[in-house]
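> Take a look at this one; I'll ask things after.
The values are calculated or read from the model by the stated rules, or taken from the named source; none is laboratory data. Keep in mind that what you see is a predicted model, and the values were worked out from it rather than measured. Methodologically, a virtual Cβ is constructed for each residue, glycine included, from the backbone with ideal geometry; neighbour enumeration extends over all protein chains shown.
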Amino acid sequence: MLLNKPVSSMRIWMCFVKRRTWRIMKKHRLLGVPERARKQIEGVLPGDFLLVYAGKPVNAIMAVCKVTSPLFTDTSMIWGDKDYPLRINIEPLQEFSALEDNPLPYSSIFDGQFSSSQFTPWFRGHSLIELTERNLQLFMKAARHQQDRKVTTLASNLQ
(Lines give C-alpha, C1' and ligand atoms only; values in the text may rest on other atoms or scores of the structure.)
Protein backbone atom coordinates (compact mmCIF):
# COMPACT_ATOMS: atom_id res chain seq x y z
CA MET A 1 0.00 0.00 0.00
CA LEU A 2 1.25 3.50 -0.82
CA LEU A 3 1.17 4.84 2.74
CA ASN A 4 3.23 1.92 4.08
CA LYS A 5 6.15 2.45 1.68
CA PRO A 6 9.15 4.42 2.88
CA VAL A 7 9.07 7.93 1.44
CA SER A 8 12.62 7.51 0.12
CA SER A 9 11.55 4.59 -2.10
CA MET A 10 9.06 6.57 -4.17
CA ARG A 11 7.96 10.08 -4.90
CA ILE A 12 4.65 11.68 -5.74
CA TRP A 13 4.32 14.16 -8.60
CA MET A 14 1.50 16.31 -9.91
CA CYS A 15 1.38 16.73 -13.66
CA PHE A 16 -0.66 19.49 -15.28
CA VAL A 17 -2.61 18.63 -18.43
CA LYS A 18 -5.73 19.45 -20.41
CA ARG A 19 -8.64 17.02 -20.25
CA ARG A 20 -7.99 16.03 -23.88
CA THR A 21 -4.35 15.29 -23.01
CA TRP A 22 -5.45 13.04 -20.14
CA ARG A 23 -7.57 10.98 -22.54
CA ILE A 24 -4.52 10.53 -24.81
CA MET A 25 -2.31 9.68 -21.83
CA LYS A 26 -4.78 7.04 -20.69
CA LYS A 27 -5.16 5.52 -24.16
CA HIS A 28 -1.40 5.29 -24.81
CA ARG A 29 -0.42 4.77 -21.16
CA LEU A 30 2.25 7.44 -21.21
CA LEU A 31 3.07 10.98 -20.19
CA GLY A 32 5.00 13.19 -22.58
CA VAL A 33 6.46 16.61 -21.89
CA PRO A 34 8.28 19.19 -24.02
CA GLU A 35 12.05 19.53 -24.03
CA ARG A 36 11.78 22.61 -21.76
CA ALA A 37 10.55 20.29 -18.97
CA ARG A 38 13.58 17.98 -19.12
CA LYS A 39 14.87 18.94 -15.63
CA GLN A 40 11.43 18.29 -14.13
CA ILE A 41 10.83 14.88 -15.71
CA GLU A 42 14.37 13.59 -15.20
CA GLY A 43 13.56 13.20 -11.51
CA VAL A 44 10.56 10.94 -12.16
CA LEU A 45 11.48 7.26 -11.74
CA PRO A 46 9.73 3.90 -12.14
CA GLY A 47 7.62 3.25 -9.05
CA ASP A 48 6.82 6.94 -8.51
CA PHE A 49 3.19 8.10 -8.64
CA LEU A 50 1.56 10.89 -10.66
CA LEU A 51 -1.53 12.86 -9.72
CA VAL A 52 -2.97 14.04 -13.03
CA TYR A 53 -4.43 17.54 -12.70
CA ALA A 54 -6.61 18.88 -15.51
CA GLY A 55 -6.95 22.63 -15.87
CA LYS A 56 -9.95 24.56 -17.17
CA PRO A 57 -12.78 23.78 -17.29
CA VAL A 58 -12.22 20.86 -14.88
CA ASN A 59 -9.66 22.33 -12.43
CA ALA A 60 -9.39 19.08 -10.52
CA ILE A 61 -7.37 15.92 -10.04
CA MET A 62 -8.41 13.49 -12.78
CA ALA A 63 -6.41 10.37 -11.89
CA VAL A 64 -3.55 8.67 -10.10
CA CYS A 65 -0.99 6.77 -12.18
CA LYS A 66 2.07 4.70 -11.39
CA VAL A 67 5.26 5.32 -13.40
CA THR A 68 6.30 2.05 -15.08
CA SER A 69 9.37 3.02 -17.12
CA PRO A 70 12.42 5.25 -17.04
CA LEU A 71 12.48 8.41 -19.15
CA PHE A 72 12.82 7.84 -22.89
CA THR A 73 12.62 9.92 -26.06
CA ASP A 74 10.00 9.30 -28.76
CA THR A 75 8.91 11.73 -31.46
CA SER A 76 5.76 9.96 -32.66
CA MET A 77 3.01 12.57 -32.86
CA ILE A 78 0.23 11.11 -30.72
CA TRP A 79 -0.80 14.51 -29.34
CA GLY A 80 -1.74 15.94 -32.73
CA ASP A 81 0.28 19.05 -33.52
CA LYS A 82 2.10 19.12 -30.16
CA ASP A 83 5.56 17.60 -29.74
CA TYR A 84 6.19 15.97 -26.36
CA PRO A 85 9.31 13.88 -26.98
CA LEU A 86 10.32 13.23 -23.34
CA ARG A 87 8.14 10.36 -22.15
CA ILE A 88 7.50 7.86 -19.40
CA ASN A 89 5.11 4.92 -19.41
CA ILE A 90 2.31 5.02 -16.86
CA GLU A 91 -0.32 2.70 -15.44
CA PRO A 92 -3.58 4.43 -14.47
CA LEU A 93 -4.60 3.22 -11.00
CA GLN A 94 -7.55 5.39 -10.00
CA GLU A 95 -9.59 7.76 -12.11
CA PHE A 96 -11.62 10.61 -10.66
CA SER A 97 -12.74 12.10 -13.97
CA ALA A 98 -16.03 10.19 -13.73
CA LEU A 99 -16.97 12.52 -10.89
CA GLU A 100 -17.90 15.36 -13.22
CA ASP A 101 -20.36 16.82 -10.71
CA ASN A 102 -17.92 16.53 -7.81
CA PRO A 103 -14.28 16.06 -8.93
CA LEU A 104 -11.36 15.92 -6.52
CA PRO A 105 -10.26 19.58 -6.28
CA TYR A 106 -6.63 20.70 -6.14
CA SER A 107 -7.34 22.27 -2.75
CA SER A 108 -7.70 18.74 -1.32
CA ILE A 109 -3.90 18.43 -1.33
CA PHE A 110 -2.69 21.97 -0.69
CA ASP A 111 -4.32 22.55 2.71
CA GLY A 112 -5.43 26.10 1.92
CA GLN A 113 -1.96 27.01 0.65
CA PHE A 114 -3.39 28.51 -2.56
CA SER A 115 -6.61 30.26 -3.46
CA SER A 116 -8.02 29.45 -6.89
CA SER A 117 -6.74 32.79 -8.23
CA GLN A 118 -3.20 31.99 -6.99
CA PHE A 119 -3.02 28.36 -8.12
CA THR A 120 -3.17 28.73 -11.92
CA PRO A 121 -0.36 31.31 -12.18
CA TRP A 122 1.74 29.32 -9.71
CA PHE A 123 1.91 26.19 -11.90
CA ARG A 124 2.05 28.04 -15.22
CA GLY A 125 5.23 26.95 -16.95
CA HIS A 126 5.46 23.71 -14.95
CA SER A 127 4.71 20.37 -16.56
CA LEU A 128 4.98 18.64 -13.22
CA ILE A 129 5.98 19.27 -9.64
CA GLU A 130 7.07 17.01 -6.82
CA LEU A 131 4.65 16.88 -3.92
CA THR A 132 5.47 16.65 -0.22
CA GLU A 133 4.49 13.92 2.19
CA ARG A 134 1.93 16.33 3.66
CA ASN A 135 0.37 16.83 0.19
CA LEU A 136 0.14 13.04 -0.10
CA GLN A 137 -1.53 12.68 3.30
CA LEU A 138 -4.11 15.32 2.38
CA PHE A 139 -4.72 13.67 -0.98
CA MET A 140 -5.22 10.22 0.61
CA LYS A 141 -7.72 11.72 3.03
CA ALA A 142 -9.66 13.31 0.14
CA ALA A 143 -9.51 10.09 -1.89
CA ARG A 144 -10.89 8.11 1.05
CA HIS A 145 -13.66 10.68 1.37
CA GLN A 146 -14.57 9.96 -2.25
CA GLN A 147 -15.06 6.32 -1.26
CA ASP A 148 -18.14 7.48 0.61
CA ARG A 149 -19.46 8.52 -2.80
CA LYS A 150 -19.21 4.92 -4.08
CA VAL A 151 -15.77 5.37 -5.66
CA THR A 152 -13.17 2.62 -5.28
CA THR A 153 -10.66 3.61 -2.65
CA LEU A 154 -7.24 4.65 -3.91
CA ALA A 155 -5.50 2.83 -1.09
CA SER A 156 -6.70 -0.61 -2.26
CA ASN A 157 -5.39 0.07 -5.78
CA LEU A 158 -1.95 1.19 -4.65
CA GLN A 159 -0.83 -2.15 -3.26
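> If you go through segment 57-76, how many residues are over 12 Å from the mean Cα position of the chain (by Cα) and modelled with pLDDT of 90 or more?
At the first step, the residues of segment 57-76 found to be over 12 Å from the mean Cα position of the chain (by Cα) are 57-59, 68-76.
Of the ones still in play, those that are also modelled with pLDDT of 90 or more are 68-76.
Here the count works out to 9.
> I would also like to ask the following. Report whether or not L30 is touching a Gly at 6+ places or on another chain (Cβ under 8 Å) and more than 18 Å from L131 (Cβ to Cβ).
Details: touching a Gly at 6+ places or on another chain (Cβ under 8 Å): no; more than 18 Å from L131 (Cβ to Cβ): yes.
No; evaluated as a whole, the condition is false for this residue.
> Which one is nearest to E95 (Cα to Cα) among residues in segment 32-58 that are free of Cβ contacts under 8 Å to residues at least 60 places away in the same chain, among the aliphatic types (A, V, I, L, M) and in contact with a helix residue (DSSP H, G or I) (Cβ under 9 Å, 6 or more places away or on another chain)?
Taking the candidates together, the pick is V52.
> Please specify each residue of segment 35-56 satisfying the condition of being of a type outside the set (A, V, I, L, M, F, W, C), touching a Leu at 6+ places or on another chain (Cβ under 8 Å) and either modelled with pLDDT under 90 or assigned to a strand (DSSP E or B) (or both).
Correct list: Q40 only.
> Report, by residue number, each residue of segment 57-83 that is surrounded by 21 or more Cβ atoms within 10 Å (Cβ to Cβ) and either β-branched (V, I, T) or not in a strand (DSSP E or B) (or both).
Matches in segment 57-83: I61, V64, V67.
> Which one of these is among the acidic types (D, E), modelled with pLDDT under 65 and closer than 23 Å to R11 by Cβ: D111, D101?
Values: D101 fails: closer than 23 Å to R11 by Cβ.
Sole residue among the options that is among the acidic types (D, E), modelled with pLDDT under 65 and closer than 23 Å to R11 by Cβ: D111.
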